[in-house]
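The values are calculated or read from the model by the stated rules, or taken from the named source; none is laboratory data. If you're wondering where the values come from, they're calculated on a predicted model, not measured in any experiment. Heads up, the Cβs are rebuilt from the backbone with ideal geometry, glycines too, and the neighbour counts pull from every protein chain shown.
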């Protein structure tokens, strides 16, 4: 693979805040960025060289977008597979490609893939009917977490089951759709392992942040995490193994539950830059957004050494002016440019260095 020179055009499928932050970093490195999204109000569409506004299934618009780009990357994991296929059919490379998407878009496929690699998860089962759910809940000591196999994120598409009386309402709440049931994980805390892999197989990783959630949404990431060296090494090794098995190009995050004894259980992975890596611009020599651009462009990966202790806090559901008074010499605000605040919506984040 040849190095993509500055002045080339990188396309991004998806127009949210992750696309915005990738686009800004790509522009800093000398690239033009085209974003393909469905609304000109999306955060990324307003900071790029060109925004292609069209539905995911518009073959003509996708062909025009693909022709304008030297390569294309992904902002989030729920880009339709058919959309990526249409871009690749035009001959424009997509990094990461279809394989990672087909694995991560179905929770059952994802869990099985992790387990086949020897990466442990909590006990889980496929659920295709209410009868199966009743039976499996009984085998899981009368409780568990029911999750839709597709289209869940930030705690959405999930229902907690505490006893058999919750089964019917949980199944109905998730729309009678294929699900998985997971056992409760009696974990001490959560961490994530973020790795980058280049097209030549070069790998790099960051320190693992400790992640705290509120209502299923990441509230803050803390470095150092306080986890043991053995636990962190195991998490990073698992993420590197996953990236290699996927023949992955770009930044990838693998989330873990850390049990009381220090053992880890993988929760899920994201084939993209990740909210728990938003501290890296302020805390590391090379942030996740620059690293992702470097990886997909065929450039050498940068130094991921952490130079500061940091806490990243999400601004969730607050008004558009939230965080304005939190800035000082060691604190930096990043706003995503969203014009409307809603409950549970990520509006930006604040990183504090110590």
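Listed by position, the helices (runs of 4 or more DSSP H) contained in the range 1-116 that have at least 3 residues being touching a strand residue (DSSP E or B) at 6+ places or on another chain (Cβ under 6 Å) and under 27 Å from residue 269 (Cα atoms) are 17-28, 81-89, 107-116. Of the residues making up the range 228-242, at least one is more than 18 Å from residue 77 (Cβ to Cβ) and in a loop (DSSP other than H, G, I, E, B). Could you list all residues from the range 148-168 that are free of Cβ contacts under 8 Å to residues at least 40 places away in the same chain and either touching a strand residue (DSSP E or B) at 6+ places or on another chain (Cβ under 8 Å) or part of a strand (DSSP E or B) (or both)? Within the range 148-168, 157, 159, 160, 161, 166, 167 meet the criteria. Entry remark, the range 242-263: residues being more than 12 Å from the chain's Cα centre (by Cα) and either surrounded by fewer than 24 Cβ atoms within 10 Å (Cβ to Cβ) or modelled with pLDDT under 95 (or both) number 10 in total. Residue by residue through the range 184-209, note down the ones that are outside any strand (DSSP E or B) and either more than 18 Å from the chain's Cα centre (by Cα) or within 30 Å of residue 139 (Cβ to Cβ) (or both). Within the range 184-209, 184, 185, 186, 199, 200, 201, 202 meet the criteria.
For (1) over 23 Å from residue 251 (Cβ atoms); (2) at pLDDT 95 or above; (3) assigned by TED's automatic domain parsing to the domain that holds residue 265, each residue gets a yes or a no:
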| position | (1), (2), (3) |
| --- | --- |
| 88 | no, yes, no |
| 103 | no, yes, no |
| 112 | yes, yes, no |
| 135 | yes, no, no |
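Can we say residue 173 is in contact with a strand residue (DSSP E or B) (Cβ under 6 Å, 6 or more places away or on another chain) and outside the structural domain of residue 245 (by TED's automatic domain parsing)? Answer is yes for this residue.
Is it the case that the range 288-307 has a residue that's over 22 Å from the mean Cα position of the chain (by Cα) and farther than 21 Å from residue 23 by Cα? Yes. Residues that are crowded, with 17+ Cβ neighbours inside 10 Å and either under 22 Å from the mean Cα position of the chain (by Cα) or without any contact (Cβ under 8 Å) to a residue 24 or more places away in the chain (or both) were ranked within the range 308-330; the one that is farthest from residue 216 (Cα to Cα) is 310. Looking only at residues in the range 225-240 that are over 22 Å from residue 115 (Cβ atoms) and touching a helix residue (DSSP H, G or I) at 6+ places or on another chain (Cβ under 9 Å), the one that is surrounded by the fewest Cβ atoms within 10 Å (Cβ to Cβ) is 225.
Residue 145 falls short of the stated requirement of being surrounded by 16 or more Cβ atoms within 10 Å (Cβ to Cβ), touching a residue at least 60 places away in the same chain (Cβ under 8 Å) and part of a strand (DSSP E or B).
Residue under question is residue 196, and the condition is that it be touching a helix residue (DSSP H, G or I) at 6+ places or on another chain (Cβ under 6 Å), buried (at least 19 other Cβ atoms within 10 Å of the Cβ) and closer than 28 Å to residue 247 by Cβ; does it hold? In short, yes.
Of everything listed in (1) in contact (Cβ under 8 Å) with a residue 40 or more places away in the chain; (2) surrounded by fewer than 20 Cβ atoms within 10 Å (Cβ to Cβ); (3) out of contact with any helix residue (DSSP H, G or I) (no Cβ under 7 Å at 6 or more places or on another chain), the single unmet condition for residue 125 is (3). Within the range 331-340, no residue satisfies the criterion of being in a loop (DSSP other than H, G, I, E, B), in contact with a strand residue (DSSP E or B) (Cβ under 7 Å, 6 or more places away or on another chain) and free of Cβ contacts under 8 Å to residues at least 40 places away in the same chain. Among the criteria (1) without any contact (Cβ under 8 Å) to a residue 60 or more places away in the chain; (2) closer than 23 Å to residue 251 by Cβ; (3) under 21 Å from the mean Cα position of the chain (by Cα), the one residue 343 does not fulfil is (2).
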